1. Of K85, K97, K55, which residue is modelled with pLDDT of 95 or more, in contact with a helix residue (DSSP H, G or I) (Cβ under 6 Å, 6 or more places away or on another chain) and over 30 Å from A199 (Cα atoms)?
2. Just checking, does the stretch 228-236 include any residue being among the charged types (D, E, K, R) and under 30 Å from I101 (Cα atoms)?
3. Is it the case that T361 is within 30 Å of G248 (Cα to Cα), in a helix (DSSP H, G or I) and under 60 Å from the mean Cα position of the chain (by Cα)?
4. Go through the stretch 186-260 and tell me which helices (runs of 4 or more DSSP H), entirely inside it, have 2 or more residues that are in contact with a His (Cβ under 6 Å, 6 or more places away or on another chain), within 22 Å of N285 (Cα to Cα) and touching a residue at least 60 places away in the same chain (Cβ under 8 Å).
5. Looking at the stretch 339-369 only, could you name the residues that are surrounded by 11 or more Cβ atoms within 10 Å (Cβ to Cβ) and either under 30 Å from L282 (Cβ atoms) or among the β-branched types (V, I, T) (or both)?
6. Report, by residue number, each residue of the stretch 314-331 that is of a type in the set (A, V, I, L, M) and modelled with pLDDT of 80 or more.
7. Tell me the residue from A35, A42 that is modelled with pLDDT of 90 or more and of a type in the set (G, A, S), please.
8. Do you know which residues across the stretch 262-278 are without any contact (Cβ under 8 Å) to a residue 40 or more places away in the chain and under 30 Å from the mean Cα position of the chain (by Cα)?
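The values are calculated or read from the model by the stated rules, or taken from the named source; none is laboratory data. What you see is a predicted model; the values in this text were computed from it and never measured. When we count neighbours, we look across all protein chains shown, and the Cβ atoms used for this are built from the backbone with ideal geometry, even at glycine.
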Amino acid sequence: MRKTVLTIIAIAFALSGLAQAQSECDTLYIKAMQANAPAERAKLLKDFLASCSGKGSQYEGFANAFLCTGQFPKTDQEVVSYGEKALALGGLDETVKSEVIYALAVTYNKLGNIEKTKTYAQQLIAAATAGKAKQPEGASWNKLIGVGHFLLGQAKQKSNDVAGALESYQSAYGLLNDTAILVEVKKMGKGFMDAKKYAEAEKVYRYLAGTGKDPDSIRIIADILAQTGRKGEALQMFKDMYAKKKTGDMANNIGILLAQESKTNPAVIPEAVNYLLEASLLLQNQGQAQKARNLAEGLFMSQDKEWNNRVKAIQESQKLIDDWTKTINAKFGNKSEEELTPDERREYRKIKEVLDKEIATVEGIQAQQKATMARLETLLAQAKRRVGR
């Protein structure tokens, strides 16, 4: 009986001591949280933890949570250490818990730890979703959920899960409506383009095009289609874009694709010429504009089957003209026809007759060439009217 009484007395003393320790710890915590400056509060909370960790204080988890999330200088390792300790101790309300998980997800993403980033990003989404269900008018739950999806997207991107990353970025953008997310997506797309990973790049730019916030993505998709042999699809996309907004680059892209197609399908040459002429008028870079004009002229001339033959005939005739002119100058110099002997006069008239005939031939061919060029000038005038120049 006496032994039982002693045991009860010992327990009572122990409980009394625990209550006193908890009271002292509560006082230390309250004093720390009453500090005005975040740095001073952090110092006092560290003193609190040094004295009270493991003693059952109801505030131990909150002290670790503040040291993880508070606005004062701290290392990434301190954020991780205090944050994970706070979660392990438990007892945090949904708002504080979400803030701790947010800090851990951001820090692990900064440190490049993909798996930890995924883990805490998913926990952030779950915690904030639960908090929103309990307190719909409370903290900025949608922002926290959106950030969770964004961080999850970054982690998936780093692990080459393109579809998963896009899905997460899409969820983040839907909640946050922050164009910074689209900037991140565009960086991902550029990385794939630079690496010539066109299948992955196409997924990214099709998503961007779907947001309606990145008009340039449609042009890039068309470029990808052209690069991957789907020139028909690319051509149609370029034409659709050009119908909405006439630009030199777009007209040039269409003209080049049609020029390539004309090698096997000459029927598209007139259309290619028209687009290239428009490009030559709209392109700001004069070098590019001249290239478009030259390509248009080359294609146009290719329709005139005799053009090259006439050019060759002119070159041949011109050589003869030059040779006969040199012969006349060499033989007869500066003599007038009256000064020539009868034999010289006959020879001169014979050469002159052939020379004049060759000159007439060249002039006739040149007239035909001019007629062809006039038709090209007509096309150019029509192109100017179409683009308002």
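1. Within the list K85, K97, K55, the selection yields K85.
2. Taking the stretch 228-236 as the starting set, the residues that turn out to be among the charged types (D, E, K, R) are 230-231, 233.
Cutting the leftovers down to under 30 Å from I101 (Cα atoms) gives us none.
No, the conditions are met nowhere in the stretch 228-236.
3. no
4. Values: elements: 198-211, 216-227, 231-244.
It comes to none.
5. Hits for the stretch 339-369 are I351, V354, I359, T361, V362, I365, Q369.
6. Step one: filter the stretch 314-331 for residues of a type in the set (A, V, I, L, M), giving 314, 320-321, 328, 330.
L320, I321, I328, A330, listed by residue number.
7. A42
8. Once the filter is applied, which keeps residues that are without any contact (Cβ under 8 Å) to a residue 40 or more places away in the chain and under 30 Å from the mean Cα position of the chain (by Cα), the stretch 262-278 yields A272, Y275, L276.
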